[in-house]
Amino acid sequence: MTTDAVGGVWRHALDLARSLNETGIHCLLVGLGPSPADRSEADALAPSTQLVWTELDLDWMQDGHEAVADVGRHLAEIAYNAGIELLHLNLPSQAVGIPEGVPVVVMSHSCLPTWWAEVRGGALPDQYRWHLEANRIGMRRADAVVAPSRSHADAITQVYGPVDRLAVLHNATSPQADGHGARRRPVVLAAARWWDAAKNVDVLDRAAATSPWTIELAGALSGPDGSRIATAHAATLGTLPAEMLRARMREAEIFASPSLYEPFGLVALEAASRGCALLLADIPTYRELWQGAARFVSPVRPELWSDAIAELAADPDQRLQLREAARQRAAGFTPARQRDGLLAIYQATMERGTRLANRIQ
């Protein structure tokens, strides 16, 4: 299973590997891109999961296809040498060059073309069009393509056209009991890689100028390309270790996400499971997952975010109602449900494929 440490795929892969281990499946996690600053969670994995980090690149961090053209071949070689029977790839372009007959499941957590369509709008610039072709070839090569929400599956087909064997399987988090009844701080917590324009940090920062409660931003302000964003009104916490962020979630009254683009939004799920009331951007993914369990606000109107925070700050009963609704909704996104859905996809894929060790020359 491929992973990276830049976004939510890291959390997804670690949790999924643990869940698969419980069924007797052995996992080899193969990292691409910058290595994680904190590998403590990976070090605590069960003996039936191994992590190796490569020097292979992530497609969205490169300027052209040449830099990632051989990724698929290298992944196939790693898998062959380890006796792997199925590849679970977390970027569609990673399937390019995988030999036919090798069982491949591709999960599209996000991609630059769908990101561009929802964040920038308009036609994808020529310098990025190679992503379209690479991802299209990768999805065509895959035995199954998985999206984490119906909204993202729709975005995929709008950008790439019809995709064979496209399935929807929601992400997951473990149910939490430790946030129930906890003493809450009157703050609004938000967490994201804020250098990503899709996370829409400017809206929260401008809302913070008139919000009655402090808005705290956890997450990186600097991107892997050296870019940096600045904030003027929100309190910045920097990148927090996973357990420290979870502790903040257990304390915050409200969790906010103003994202313009979220194929799933795992951090919102984690906040909901820890008892936060959810204040979310009014986008299709969040409506799909949280309708009836969150408050929705236009992602382009900072004043509406400040107004919504003020209303919730003055109404503890509404906050409690939102917290409990979000917690109950989050309880349905279990690791077991995700694992069982993937096992069904794996089984169908294996039935169509041939053992990897017999296919790579």
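The values are calculated or read from the model by the stated rules, or taken from the named source; none is laboratory data. Not measured: the values here are computed from a predicted model. Here the Cβ is made from the backbone with ideal geometry for all residues, glycine too, and neighbour counts use every protein chain on show. SASA here: full protein model, heavy atoms, side chains in, ligands and nucleic acids out. Shrake-Rupley method; radii C 1.70, N 1.55, O 1.52, S 1.80 Å.
Remarks
- Nonlocal amide H pairs with Thr239, under 5 Å, H built at 1.01 Å: Gly219
- Degrees, to the nearest 10: 9-21 long Cα axis against longest axis of the chain: 60
- Alpha-carbon geometry of region 53-130: the Rg and the Dmax are 14.0, 44 Å, given in that order.
- Arg228-Ser298 FRET efficiency (beta carbon distance; Förster radius 25 Å; 0.05 resolution): 0.40
- Between Arg337 and Ala235, the FRET efficiency estimated from the beta carbon spacing at R0 = 51 angstrom works out to 0.90.
- Order of exposure, largest accessible area first, which applies to Trp305, Trp60, Trp53 with probe 1.4 Å: Trp60, Trp53, Trp305
- Computed log₁₀ I(q)/I(0) - Debye formula, equal Cα scatterers, no solvent, region 115-219, q 0.14 Å⁻¹: -0.84
- Exposure of Glu133 as accessible area (Å², to 10), given a probe of 1.4 Å and all protein chains: 90
- Top of Ala310, Ala207, Ala76 by mean-square fluctuation, Gaussian network on the chain, Cα under 10 Å: Ala310
- The convex hull built on the alpha-carbon positions of region 181-329 has an orientation-averaged projected area of 7.9 nm².
- The C-alpha atoms of the chain define a longest principal axis, and helix 129-141 lies at about 60 degrees to it.
- Debye log10 I(q)/I(0) at q = 0.16 Å⁻¹ for region 54-191, Cα point scatterers: -0.86
- Kirkwood hydrodynamic radius of region 1-115, from inverse mean 1/r over distinct Cα pairs, in Å: 14.5
- Solvent-accessible area assigned to carbon and sulfur over region 1-97 amounts to 47 percent, based on a 1.4 Å probe.
- Selected from Met1, Gly332, Val68, residue furthest toward positive end of dipole (the chain; charges at beta carbon): Gly332
- Accessible surface, the chain, averaged per residue in Å² (probe 1.4 Å): 43
- Farthest toward positive dipole pole in the chain [+1 Lys/Arg, -1 Asp/Glu at C-beta], among Leu240, Tyr128, Ile283: Ile283
- CD proxy at 222 nm, helix term only [per DSSP H run n ≥ 4: -39500 (n - 2.57); per residue of the chain; nearest 500]: -11500 deg cm²/dmol
- If you take the Cα centroid of region 213-238 and the Cα centroid of region 47-110, the two points sit 32 Å apart.
- Tilt relative to the chain, helix 150-160 - C-alpha long axis, 0 to 90 degrees, to 10: 50
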